[in-house]
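A.B. asks: Right, I'll just put the structure down here and ask away after.
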C-alpha cells in the first residue's frame, strides 16, 4: 500500500474468494488446469512444460487484440526511493461485501455501512489525508451509479517501519 501511494497510484484490494477484479486470473488458472493438467498424461516435467508452453502461447495469441487496445503504462520513476517513515497520503480502495447486518471489515476494523444493504458489494474509499472512509454501493446492473451509503472517520495508525 505504501509503495502504491508513494507513486500516486490508487491501490485496490479485493478479498479472497470474491468475484471481481481477480476473477480473470482465477478463470485462467481453471482453464489451464482443464486444458493442460487434466487433459494430458504427462510422463515428465519437461512434457508438462512443453504442453503448458503451447497453451500459454495460444492463450496469449488469442488475447493479443485486447492487450494491444489497453492503455499504455507509465514508466517506473528512476530516482524514486521508498520512505517507510512518511505517513501515507491519498486514497486506497477496498472492495468488500457487507455482512447480514450491513457492516464491512476494512483494515482490521468493522464499520457500519447500511442496514438495508446486506450481503452486497461496496466500494470502500479510505481517504488517508481527510481521515475518512466512504462506502459506495456497487451494482452489476448499474456499474456507473455508485451512490454514497455512509461515511465514517478513520485514522491510519502511525507505525514506524524498519528497512
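A.B. asks: Applying the selection to the stretch 118-136, what residues are in contact with a strand residue (DSSP E or B) (Cβ under 6 Å, 6 or more places away or on another chain) and closer than 14 Å to residue 95 by Cβ?
C.D. replies: Selection gives 121, 122, 123, 124, 125, 126, 133, 134, 135, 136.
A.B. asks: On the basis of being surrounded by 10 or more Cβ atoms within 10 Å (Cβ to Cβ), within 19 Å of the chain's Cα centre (by Cα) and either in a loop (DSSP other than H, G, I, E, B) or modelled with pLDDT of 85 or more (or both), does residue 9 make the cut?
C.D. replies: Working: surrounded by 10 or more Cβ atoms within 10 Å (Cβ to Cβ): yes; within 19 Å of the chain's Cα centre (by Cα): yes; either in a loop (DSSP other than H, G, I, E, B) or modelled with pLDDT of 85 or more (or both): yes.
So residue 9 fits the description; yes.
A.B. asks: So, one more: Scan the stretch 77-92 and give yes if some residue there is closer than 28 Å to residue 25 by Cβ, free of Cβ contacts under 8 Å to residues at least 24 places away in the same chain and either part of a strand (DSSP E or B) or under 22 Å from the mean Cα position of the chain (by Cα) (or both), otherwise no.
C.D. replies: Here is the first cut: in the stretch 77-92, the residues closer than 28 Å to residue 25 by Cβ are 77, 80, 82, 88, 90-92.
Next, from what is left, pick out any that are free of Cβ contacts under 8 Å to residues at least 24 places away in the same chain: none.
Looking through the stretch 77-92, none of the residues is closer than 28 Å to residue 25 by Cβ, free of Cβ contacts under 8 Å to residues at least 24 places away in the same chain and either part of a strand (DSSP E or B) or under 22 Å from the mean Cα position of the chain (by Cα) (or both).
The values are calculated or read from the model by the stated rules, or taken from the named source; none is laboratory data. In this text the structure is predicted, and so the values were computed from the model without any measurement. In this analysis, Cβ positions are derived from the backbone assuming ideal geometry, glycine residues included, and neighbour counts consider all displayed protein chains.
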